[in-house]
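The values are calculated or read from the model by the stated rules, or taken from the named source; none is laboratory data. What you see is a predicted model; the values in this text were computed from it and never measured. Please note: Cβ atoms are built from the backbone with ideal geometry, for glycine as well, and neighbour counts cover all protein chains shown.
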Amino acid sequence: MGRDFLSLFPDLDIEDLRKLPSPFYLYSEQKIRNNIQHLLQTGKKYFPDFHLHYALKANGNPHILKIFQQEGVSVDCSAPVELELAHRIDFPIEDCLYTGNYESQEDFQRVLQYDCILNLDDARRMAEVFSIKIPEVLSFRINPGIGRGAHEGIVTGGEKAKFGIPHELSGEVYSEALERGAKKLGIHIMTGSNVLEPEHFLQITERIFDIIEEHISPLNIQLEFINIGGGLGVPYRPEEKTLDLEATFRNIKSVFDSRLSKLNIGQPKLAMEPGRYLVADAGCIVARVQHIKESYRRFLGMDAGMSTLLRPAMYQAYHHIEVLNQAKDEENYYVCGQICENSDVFPEERRLKKAQVGDLLAIHNAGAYGFCMASHYNHRERPAEYLWTQNKELNVIRKPEVPADMFRNVPDFQW
Ligand code: LLP
């Protein structure tokens, strides 16, 4: 479950890791492939033409993306560079989805150079888009009025969310798209991230069918797809259970079976665009204990802080931590990084193997929203990324930064 380092990297010699400068991200190619195949197989069992887009914002290292491309998965892109990256990695661009928000005109110009599926976050951008060109396939991100996520910051539907088009307007929006000459249409929702309950996916699928029934079916539109977004969760805490994928797809299928035949929308495919589910538990951060301080609390200070992994400071997110030594005794610690912010402390006191300065630590479930949210705060270099391949090779897939990288774009200054 991504909480036991040796089962994630069974043949990796920790002594080899000790020689590398820390901290660094480490991913298992096998685990990523297993995650993709498990999701595809389960999805296709219920929906033979199930379409999976990987939300590459979760981890966009080109070497990781190559794995997705080889497994026949397309991507969901959230910025022009992500689409340009997908093109460079040779994903079939017509299957790739672009879901941005609050774009500039220049963003649209860049995106529309590719015949991808364009997913609009606001119908009022239609005039600008159509003045550039009629998108090959167009969909709209509808805010269904409900949202759910593991932390408030990752709820993306409902009245407080900045995303999507209010569902009440769906009829007008799709009518306008038809009038403007849109040929192929789809519908999209994304209500929140890191959800572990299969019932949630039942609820949002019901909801999107309610919206379609009320606003879209009367327009006699043949929908190419119904995209219910990402949001598939992973257990970060030892006591949490994995998301039951079978039950999730069974739930979604039950809604399609009971409702689709009563509607006038053709035979839309089911599409999804998870990020976290596919990569989170395939990656760890390997960090080093730098100092243990006996203060009002016992702090274990390591070299991976909020500039390496932002989630604990930003969302109070829990990440499981393992001390990679042979100690028999345990001790309680508050685990912190080296950044000058008091939020650079992992939430909750942890019971860990008794640690010594120099010991390696594994921070689990760091494969998603890890490196991509890292920063140079406090002028810390961003870490390296390594891939433990199926052939049991440790490949560097991003070199560690050097100080000059932080100042590369500063004019009239040479490091
Ligand atoms: N599609 C759209 C339009 C999204 O905005 C997102 C994530 C996804 C798909 C993928 O969601 P996932 O399957 O990974 O839940 N930084 C946060 C997560 C923010 C998610 C934002 N949108 C975190 O570290 O938990």
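Tabulated data for the structure shown
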{"item": "Single unsatisfied condition, residue 171 versus (1) touching a Pro at 6+ places or on another chain (Cβ under 8 Å); (2) buried (at least 21 other Cβ atoms within 10 Å of the Cβ)", "result": "(2)"}
{"item": "Within region 355-373, tally of residues that are surrounded by fewer than 24 Cβ atoms within 10 Å (Cβ to Cβ) and either near the ligand (Cβ under 10 Å from one of its atoms) or among the aliphatic types (A, V, I, L, M) (or both)", "result": "5"}
{"item": "Residues (charged (D, E, K, R) and outside any helix (DSSP H, G or I)) located in region 143-188", "result": "148, 159, 160, 162, 180, 183, 184"}
{"item": "Segments classed as strands (runs of 3 or more DSSP E), wholly inside region 348-390, with at least 1 members that are charged (D, E, K, R), in the same structural domain as residue 323 (by TED's automatic domain parsing) and under 30 Å from residue 329 (Cβ atoms)", "result": "350-353"}
{"item": "Members of region 376-412 found to be within 19 Å of residue 281 (Cα to Cα) and of a type in the set (S, T, N, Q), listed by number", "result": "389, 390, 395"}
{"item": "Flag if residue 212 is buried (at least 22 other Cβ atoms within 10 Å of the Cβ), more than 16 Å from the ligand (Cβ to nearest atom) and not assigned by TED's automatic domain parsing to the domain that holds residue 330", "result": "yes"}
{"item": "Residue satisfying all of: in region 297-321; part of a strand (DSSP E or B) and within 18 Å of residue 24 (Cβ to Cβ); farthest from the ligand (Cβ to nearest atom) among these", "result": "301"}
{"item": "Test: residue in region 268-285 that is more than 16 Å from the ligand (Cβ to nearest atom) and small (Gly, Ala, Ser)", "result": "no"}
{"item": "Qualifying residue in region 239-250 (condition: within 12 Å of the ligand (Cβ to nearest atom), within 22 Å of residue 350 (Cβ to Cβ) and surrounded by fewer than 20 Cβ atoms within 10 Å (Cβ to Cβ))", "result": "no"}
{"item": "Some residue of region 135-143 being in the same structural domain as residue 79 (by TED's automatic domain parsing) and modelled with pLDDT under 95", "result": "yes"}
{"item": "Top-ranked residue in region 60-84 [being more than 16 Å from the ligand (Cβ to nearest atom) and closer than 22 Å to residue 28 by Cβ; ranked as surrounded by the fewest Cβ atoms within 10 Å (Cβ to Cβ)]", "result": "70"}
{"item": "Filtered residues of region 92-108 (kept if surrounded by 15 or more Cβ atoms within 10 Å (Cβ to Cβ) and without any contact (Cβ under 8 Å) to a residue 24 or more places away in the chain)", "result": "93, 98, 100, 103"}
{"item": "Flag if residue 333 is surrounded by 20 or more Cβ atoms within 10 Å (Cβ to Cβ), touching a residue at least 40 places away in the same chain (Cβ under 8 Å) and part of a loop (DSSP other than H, G, I, E, B)", "result": "no"}
{"item": "Failed item in (1) loosely packed, with under 15 Cβ neighbours inside 10 Å; (2) touching a residue at least 60 places away in the same chain (Cβ under 8 Å), with residue 351 passing the rest", "result": "(2)"}
{"item": "Residues of region 187-209 satisfying the condition of being in contact (Cβ under 8 Å) with a residue 60 or more places away in the chain and surrounded by fewer than 22 Cβ atoms within 10 Å (Cβ to Cβ)", "result": "207"}
{"item": "Residue match in region 276-294 (condition: free of Cβ contacts under 8 Å to residues at least 40 places away in the same chain and more than 25 Å from the chain's Cα centre (by Cα))", "result": "yes"}
{"item": "Output for region 189-224, where each listed residue is in a loop (DSSP other than H, G, I, E, B) and farther than 20 Å from residue 122 by Cα", "result": "193, 194, 196, 197, 220, 222"}
{"item": "Region 70-125, residues that are aromatic (Phe, Trp, Tyr) and over 17 Å from the mean Cα position of the chain (by Cα)", "result": "91, 102, 108, 114"}
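Here's the yes/no breakdown for (1) closer than 30 Å to residue 5 by Cβ; (2) in contact with a helix residue (DSSP H, G or I) (Cβ under 6 Å, 6 or more places away or on another chain):
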{"residue": "170", "(1), (2)": "no, yes"}
{"residue": "187", "(1), (2)": "no, no"}
{"residue": "195", "(1), (2)": "yes, no"}
{"residue": "199", "(1), (2)": "no, no"}
{"residue": "216", "(1), (2)": "no, yes"}
{"residue": "227", "(1), (2)": "no, no"}
{"residue": "253", "(1), (2)": "no, yes"}
